[in-house]
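First up is the structure itself, then whatever we jot down about it.
The values are calculated or read from the model by the stated rules, or taken from the named source; none is laboratory data. Note that this is a predicted model, so its numbers are computed, not measured. Cβ placement follows ideal geometry from the backbone for every residue including glycine, while neighbour counts extend to all protein chains displayed.
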Amino acid sequence: MRARLDTLVSAALQQGSAVPAFTCYDFTTALAVVGAAEAAGRGTILLVSPSTAATPNGLRLIAALRGLADGASVPVAVQLDHASDLGVIAGAVAAGADSVLVDGSSLPYEDNIALVLAARALLDTAGTDTVIEAELGGLAGDEDRAFGSDAAGSAPAAGTAGLTDSAQVEDFVARTGAQLLAVAVGNVHGKYHGEPELRWDVLQDIAVRTRLPLVLHGASGIPASELVKAAAMNVGKVNFNTELRTGVLETLDARTAAHRRDGENLQGLLAEWDVSARAFAATALATLSR
Ligand code: 13P
């Protein structure tokens, strides 16, 4: 069923839970994620990468995810992830995204605020009731590709991501009017170089400065024993991408030959894709739920 992202996340936080969000590059993965959420009786979030949304077929995928979310038996939101291009934001919202991460975190502070306000003005003019997540503090890493730790210059070392400056939080929240706040507390996109070193002290300092639900990106590779602590720090949304892709790709590597031998059985292979993505989503839902 259709759900406002901020309502979904706030309701989860009230129960001591967080809501997992999963990047979906395709409909098979989205079906698996929603199936896992329905089986768990929990809400979830389907994320669309800006590189997907920037293409005509990506906009068609968003429309398909919109239909999937609305028809689900649990609350499901569809969010455009990490967007900084106003044209892509407008297109994705028109196609059916109900929320956007307006990401100016790589920009100077004032420009970050200006980008969020420009997106809000655009969406208000379009007459949409779109939930905006904003990001303060840049995350290292690539959103769509995870590089191995031996790829020179690619994998960010743990602890090297730009941390959110907690002293800016109150001003940033007040001036942007964002409904959720993504933070950088040692989390990175893609694979961690070594063990993740989350700065819970920084997160706690942020959490006391705003009542907005916080968002933890780059959750792949963070152990469940760490993720379970998130909701207590007002982190109500946790984003996963790399680990979900890794599982699907491993399944395809391992099982494609067998399905080729079985009469070029694409349907059988897709069923195994579903099992992999569904299992990952089910584990994340269980980890974050109280
Ligand atoms: P990972 O690829 O590190 O899981 O990050 C996902 C993410 O933050 C999507 O916004």
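Are any of the residues in the stretch 197-212 closer than 21 Å to Gly141 by Cα, modelled with pLDDT of 95 or more and within 14 Å of the ligand (Cβ to nearest atom)? Checked against the condition, which is being closer than 21 Å to Gly141 by Cα, modelled with pLDDT of 95 or more and within 14 Å of the ligand (Cβ to nearest atom), the stretch 197-212 yields no hits at all. Taken over the stretch 244-263, the criterion of being free of Cβ contacts under 8 Å to residues at least 24 places away in the same chain and within 16 Å of the ligand (Cβ to nearest atom) is satisfied by Leu249 alone.
Search the stretch 122-142 for residues being hydrophobic (A, V, I, L, M, F, W, C) and part of a helix (DSSP H, G or I), and hand back the single one that is surrounded by the most Cβ atoms within 10 Å (Cβ to Cβ).
In the first step, residues of the stretch 122-142 are kept if they are hydrophobic (A, V, I, L, M, F, W, C); the result is 122-123, 126, 131-132, 134, 136, 139-140.
Subsequent filtering for residues that are part of a helix (DSSP H, G or I) retains 122-123.
On the way: Leu122: 17, Leu123: 20.
That would be Leu123.
Scanning for something of a type in the set (A, V, I, L, M), part of a helix (DSSP H, G or I), buried (at least 21 other Cβ atoms within 10 Å of the Cβ) and away from the ligand (no atom under 16 Å from the Cβ), does the stretch 271-284 turn up at least one residue? No, there is no match, as no residue in the stretch 271-284 is of a type in the set (A, V, I, L, M), part of a helix (DSSP H, G or I), buried (at least 21 other Cβ atoms within 10 Å of the Cβ) and away from the ligand (no atom under 16 Å from the Cβ).
For the stretch 115-139, a residue qualifies if it is among the charged types (D, E, K, R) and within 15 Å of Leu101 (Cβ to Cβ), and the qualifying residues are Arg120, Glu133, Glu135.
Looking only at the stretch 106-121, filter to residues that are in a loop (DSSP other than H, G, I, E, B) and not polar (S, T, N, Q); which one of those is surrounded by the most Cβ atoms within 10 Å (Cβ to Cβ)?
In the first step, residues of the stretch 106-121 are kept if they are in a loop (DSSP other than H, G, I, E, B); the result is 106-108.
Retained after the next criterion (residues that are not polar (S, T, N, Q)): 107-108.
Numbers: Leu107: 14, Pro108: 9.
Checking each candidate, the answer is Leu107.
Within the stretch 223-243, is there a residue that is part of a loop (DSSP other than H, G, I, E, B), surrounded by fewer than 22 Cβ atoms within 10 Å (Cβ to Cβ) and within 15 Å of the ligand (Cβ to nearest atom)? Checked against the condition, which is being part of a loop (DSSP other than H, G, I, E, B), surrounded by fewer than 22 Cβ atoms within 10 Å (Cβ to Cβ) and within 15 Å of the ligand (Cβ to nearest atom), the stretch 223-243 yields at least one hit.
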